Amino acid sequence: MSAPDYSKQGYKDIIVTLDGPVLTILINRAKKRNTFDRTLLNDLLRIFDLSDKDDRVRVVIMTAEPTAPAFCSGADISGGWDGLWTPEEEKEGEHAARDIGGQLSMVIYNSRKITIAAVNGHAAGVGMTAMQLPFDIRFAWEGAKLSFSFVRRAISPEALSTYLLPRLIGLSRANSLLLGGMTVFPTSPMIRDLYHATFPTREAVYPAAKAFAEELASNTSQLGNAYTKGLIQHASDTIEETHLHESRSMKLLGSSPDGAEGAAAFRERRLPKFNATLSKDSSPWYPWWRRIDVRHHRAKL
Amino acid sequence: MSAPDYSKQGYKDIIVTLDGPVLTILINRAKKRNTFDRTLLNDLLRIFDLSDKDDRVRVVIMTAEPTAPAFCSGADISGGWDGLWTPEEEKEGEHAARDIGGQLSMVIYNSRKITIAAVNGHAAGVGMTAMQLPFDIRFAWEGAKLSFSFVRRAISPEALSTYLLPRLIGLSRANSLLLGGMTVFPTSPMIRDLYHATFPTREAVYPAAKAFAEELASNTSQLGNAYTKGLIQHASDTIEETHLHESRSMKLLGSSPDGAEGAAAFRERRLPKFNATLSKDSSPWYPWWRRIDVRHHRAKL
Amino acid sequence: MSAPDYSKQGYKDIIVTLDGPVLTILINRAKKRNTFDRTLLNDLLRIFDLSDKDDRVRVVIMTAEPTAPAFCSGADISGGWDGLWTPEEEKEGEHAARDIGGQLSMVIYNSRKITIAAVNGHAAGVGMTAMQLPFDIRFAWEGAKLSFSFVRRAISPEALSTYLLPRLIGLSRANSLLLGGMTVFPTSPMIRDLYHATFPTREAVYPAAKAFAEELASNTSQLGNAYTKGLIQHASDTIEETHLHESRSMKLLGSSPDGAEGAAAFRERRLPKFNATLSKDSSPWYPWWRRIDVRHHRAKL
């Protein structure tokens with residue numbers, strides 16, 4: 001595909017910057033406390049889709065201004081929860097509704113690139129779920145007030161959080177956080193396993209994430225990373241099927257130019273240089289799983 | 001349903017108290033070291049079933065006298081393991097046997113109310129499994145001696161522990177505890193993720209659990225909590241199906257009076273007042289999963 | 001089966017010692033930095049298969065010389081990744097390849113005996129995966145440099161690591177380690193949940209593992225341990241099916257001589273003496289799951 005100019009995409013609530021192989025998404029909605037609504041959703045759906053397909057991008061970081069009132073203070077419910085649904089969803093009935101946090105979570109989770117959330121401010125509701133859980137890695141400011149506030153608003157957790165949080169940090173902590181809905185800091189034993197690293201100042205979070213991203217982008221393979229994410233996310237229920245998938249991925253990568261370069265660099269005690277891209281070098285075998293269509297289809301007359 | 005008078009139910013080994021929306025079950029079997037047998041099982045099966053259906057109850061706490069020799073010292077095996085089976089189970093063969101710890105675990109795990117174990121004494125065997133793992137939240141005394149002692153009696157872990165413990169705290173810790181069978185304290189790195197909070201004295205455990213329960217009961221919705229528990233416990237194997245369930249739950253709750261009150265209280269910066277009850281306000285969609293009958297059915301002639 | 005003399009099995013890269021009920025496997029390939037190749041694979045496949053069937057063995061420990069350059073420094077890629085595949089695998093195509101780390105992981109994971117990895121040196125790649133993750137318990141030297149280095153060689157994690165690591169320590173830490181590929185010590189918050197215990201010197205690791213193994217071998221039942229491992233590894237997706245398996249295992253063990261001895265020793269406050277063996281006393285019900293054949297079968301003409 002042709003390389004998009006990210007500065008000219010007309011985003012409303014985000015600012016996107018490509019610096020070498022690292023794409024940064026800055027949430028730019030401080031006037032509304034970085035709340036989440038369909039405008040921000042559409043910006044984010046577009047940029048995660050674009051960056052997934054752009055071979056130049058190896059790592060995607062999402063962050064906020066460290067001066068904003070919050071990293072993301074939750075859904076914009078100035079109009080109640082009803083503001084979150086489309087007129088069609090309201091008309092068709094509850095089976096037709098699709099949670100906007102979940103729509104975003106699926107796109108981030110399905111990204112073939114390494115994704116990092118740089119949480120440099122407070123976070124609540126969807127700010128804890130879609131804006132953090134589907135990322136591969138999370139960095140956080142130690143002063144961030146974090147809460148899965150859903151039960152305290154009489155709603156239920158969304159954005160794949162009931163799937164992801166128990167897997168990420170275990171069911172005991174997930175139950176406490178999702179059913180208790182209390183506010184914790186990133187260093188609390190309750191949630192610290194969620195974060196790759198934490199930092200004492202808001203300003204330190206993004207630069208650390210950027211340095212981590214650059215190092216990873218330089219020394220790992222776009223193809224290898226994508227296959228690895230697939231293996232982790234689509235591990236089978238059985239060890240035997242896992243063995244077959246892992247074996248095939250290993251054979252494909254080991255026989256590829258990037259794999260040969262990885263082994264050579266290791267033997268020669270030098271840093272590797274990986275050139276494979278998803279659009280040119282991906283095997284027809286990948287992805288080996290099937291994506292499921294979750295859109296609502298109106299009944300025909 | 002009519003509201004039961006819990007003081008007049010004729011329990012043998014428990015004392016039940018309803019204080020506003022919080023129901024407390026006190027194990028009252030200190031003479032037998034709070035061991036577990038069919039008498040205690042029957043008391044607990046009844047009270048968890050009753051409290052599940054009583055709309056007044058929002059949170060259930062189970063605890064013991066802080067002066068008892070133990071919170072629960074395991075199954076009563078004064079008559080060997082054979083005492084745990086019914087004559088019919090003995091006659092019909094091992095496929096007909098149903099572990100009594102597992103019977104209790106299923107009822108607690110399936111409760112639609114928030115459940116809290118206030119572990120204010122030592123615990124072994126079924127005292128670690130059915131009496132703790134199926135609860136949503138666990139509080140513990142830091143001096144409690146805890147052991148999954150099964151392998152040291154040449155039996156295997158029961159009461160859903162082989163399902164729940166790896167999910168609650170991860171397979172690495174679960175393997176150590178279930179296969180090692182050693183005694184640990186609640187603050188040990190081996191098990192501390194199991195506990196929401198720990199306390200230096202036995203006497204402090206129940207009051208802390210009670211305060212937590214009262215705060216939750218006041219500020220969360222009975223309906224929202226039940227749907228949230230359903231989403232966590234019945235999360236699909238795929239993100240897509242999870243998205244559909246979460247979306248539907250969110251739409252139903254967001255469009256409900258409790259949901260509207262949750263959003264209004266948040267906007268008005270006041271505490272919410274939630275009135276929905278499971279018996280009046282639950283959607284026909286809930287529960288969306290099927291319960292499986294595990295009773296043994298004798299072969300017909 | 002007849003009892004094998006482990007000193008006369010002609011192993012090339014391991015030294016095997018049976019001391020009472022504890023079998024020790026010493027990786028003996030220091031000249032090649034304890035790298036992993038088909039020679040070591042074949043030795044290990046044989047010994048884990050033999051020890052699984054030998055009723056004398058209750059616990060298996062795998063360790064290395066504490067003076068070796070590493071516990072296991074990864075696959076031997078002196079000939080590139082291609083050296084890892086057989087000529088037939090190369091000829092038949094990538095669907096026919098079977099990862100050698102995965103072959104080892106499956107045999108260790110399926111062992112019915114308690115397995116312990118005593119990690120007394122650095123570990124990378126397959127040294128982190130097949131050589132550690134499928135074991136029931138892991139002890140480690142606190143100075144060991146550990147890395148899941150796969151993505152830094154442009155390949156993907158193998159040896160069931162994408163199945164086991166998220167289950168063992170949670171998906172958040174597993175993502176960091178597998179996608180980050182950085183080097184950590186066993187005491188790092190990133191990985192410490194993987195280890196049952198850690199030790200400040202390399203020399204202390206094996207003796208501690210041995211003492212743990214001897215204590216377990218003395219005080220647990222070979223039959224009870226095997227059933228417990230089966231229940232943990234083959235826990236159902238539903239609580240109901242788990243209840244049926246746990247109940248049946250409990251009834252079989254509780255009614256067995258070892259079960260009776262376990263209850264008697266507990267009542268009499270003495271150490272138990274368990275005599276049951278897998279070859280004589282295992283129920284026809286065990287194993288209750290089906291093993292899946294993962295070998296490649298050449299298409300017939």
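If you go through segment C:204-221 one residue at a time, how many are touching a residue at least 12 places away in the same chain (Cβ under 8 Å) and within 22 Å of residue C:63 (Cα to Cα)?
Summing the residues that are touching a residue at least 12 places away in the same chain (Cβ under 8 Å) and within 22 Å of residue C:63 (Cα to Cα) in segment C:204-221 gives 12.
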- Enumeration of residues in segment B:159-176 that are at the interface with chain C (Cβ under 7 Å from one of its Cβ atoms), assigned to a loop (DSSP other than H, G, I, E, B) and over 20 Å from residue C:173 (Cα atoms): B:160
- Query: If you check residue C:44 against the conditions, is it part of a helix (DSSP H, G or I), closer than 28 Å to residue B:179 by Cβ and touching a helix residue (DSSP H, G or I) at 6+ places or on another chain (Cβ under 6 Å)?
  - Reply: yes
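Does segment A:177-187 contain at least one residue that is closer than 27 Å to residue A:110 by Cβ, more than 10 Å from chain C (Cβ to nearest Cβ) and aromatic (Phe, Trp, Tyr)?
Kept after step one, since they are closer than 27 Å to residue A:110 by Cβ, are these residues of segment A:177-187: A:177-178, A:186.
From what's left, more than 10 Å from chain C (Cβ to nearest Cβ): A:177-178, A:186.
Then keep just the ones that are aromatic (Phe, Trp, Tyr); that gives none.
The answer is no, given that none of the residues of segment A:177-187 is closer than 27 Å to residue A:110 by Cβ, more than 10 Å from chain C (Cβ to nearest Cβ) and aromatic (Phe, Trp, Tyr).
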- Task: State all residues of segment C:272-301 that are out of contact with any helix residue (DSSP H, G or I) (no Cβ under 8 Å at 6 or more places or on another chain) and not in a loop (DSSP other than H, G, I, E, B); if no residue qualifies, say none.
- Result: C:280
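For segment C:209-224, which positions are polar (S, T, N, Q), surrounded by 24 or more Cβ atoms within 10 Å (Cβ to Cβ) and in a helix (DSSP H, G or I)? So that I can check it myself, show each step before the final result.
Our first condition is that a residue be polar (S, T, N, Q); within segment C:209-224, this holds for C:218-222.
The next check asks that each one be surrounded by 24 or more Cβ atoms within 10 Å (Cβ to Cβ); those that pass are C:220-222.
Matches in segment C:209-224: C:222 only.
Could you list, in sequence order, the residues of segment A:87-109 that are among the polar types (S, T, N, Q) and under 8 Å from the mean Cα position of the chain (by Cα)?
A:105
Only one of B:74, B:79, B:101, B:83 is at negative phi, assigned by TED's automatic domain parsing to the domain that holds residue B:205 and surrounded by 21 or more Cβ atoms within 10 Å (Cβ to Cβ); which? Lay out the reasoning, then the answer.
Values: B:74 fails: at negative phi; B:79 fails: surrounded by 21 or more Cβ atoms within 10 Å (Cβ to Cβ); B:83 fails: surrounded by 21 or more Cβ atoms within 10 Å (Cβ to Cβ).
It is B:101.
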- Task: Please work out which residue is nearest to residue B:58 (Cα to Cα), limiting yourself to segment A:136-158 and to residues that are within 14 Å of chain B (Cβ to nearest Cβ) and part of a loop (DSSP other than H, G, I, E, B).
- Result: A:154
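Here is a yes/no grid of residues against (1) more than 20 Å from residue C:293 (Cα to Cα); (2) more than 9 Å from chain A (Cβ to nearest Cβ); (3) in a helix (DSSP H, G or I); (4) aliphatic (A, V, I, L, M):
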| position | (1), (2), (3), (4) |
| --- | --- |
| C:50 | no, yes, yes, yes |
| C:62 | yes, yes, no, yes |
| C:69 | yes, yes, no, no |
| C:77 | yes, no, no, yes |
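Restricting attention to segment B:273-290, which residues are touching a residue at least 60 places away in the same chain (Cβ under 8 Å), away from every other protein chain (no Cβ under 11 Å) and under 23 Å from the mean Cα position of the chain (by Cα)?
Just the residues of segment B:273-290 that are touching a residue at least 60 places away in the same chain (Cβ under 8 Å), to begin with: B:277-280, B:286.
Imposing the further condition that a residue be away from every other protein chain (no Cβ under 11 Å) reduces the set to B:277-280.
The answer is B:277, B:278, B:279.
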- Is at least one residue of segment C:242-254 surrounded by 13 or more Cβ atoms within 10 Å (Cβ to Cβ) and touching a residue at least 60 places away in the same chain (Cβ under 8 Å)? no
- Message: Checking residue C:67 against (1) more than 23 Å from residue C:101 (Cβ to Cβ); (2) crowded, with 22+ Cβ neighbours inside 10 Å; (3) β-branched (Val, Ile, Thr), only one condition comes out false. Which one?
- Response: (2)
- Message: Checking residue A:193 against (1) in contact with an Asp or Glu (Cβ under 7 Å, 6 or more places away or on another chain); (2) under 29 Å from residue A:246 (Cα atoms): exactly one of these is not met. Which one?
- Response: (1)
- Query: Just wondering, is there one or more residues in segment C:30-39 that are at pLDDT 95 or above and closer than 21 Å to residue C:226 by Cα?
  - Reply: no
- Message: Looking at segment B:5-26, I want the residues that are acidic (Asp, Glu) and have a partner that is not in a strand (DSSP E or B) with Cβ atoms under 6 Å, at least 6 apart or on another chain. Which pairs are those?
- Response: B:13/B:28; B:13/B:29; B:13/B:39; B:13/B:40; B:13/B:43
- Please work out which residue is surrounded by the most Cβ atoms within 10 Å (Cβ to Cβ), limiting yourself to segment C:225-241 and to residues that are of a type in the set (A, V, I, L, M, F, W, C) and within 7 Å of another protein chain (Cβ to nearest Cβ). C:231
- Task: Keeping to segment B:101-124, report how many residues are in a helix (DSSP H, G or I) and within 9 Å of chain C (Cβ to nearest Cβ).
- Result: 6
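The values are calculated or read from the model by the stated rules, or taken from the named source; none is laboratory data. All values derive from a computational prediction rather than experimental measurement. No Cβ is skipped: glycine too gets one built from the backbone with ideal geometry, and neighbour counts run over all protein chains shown.
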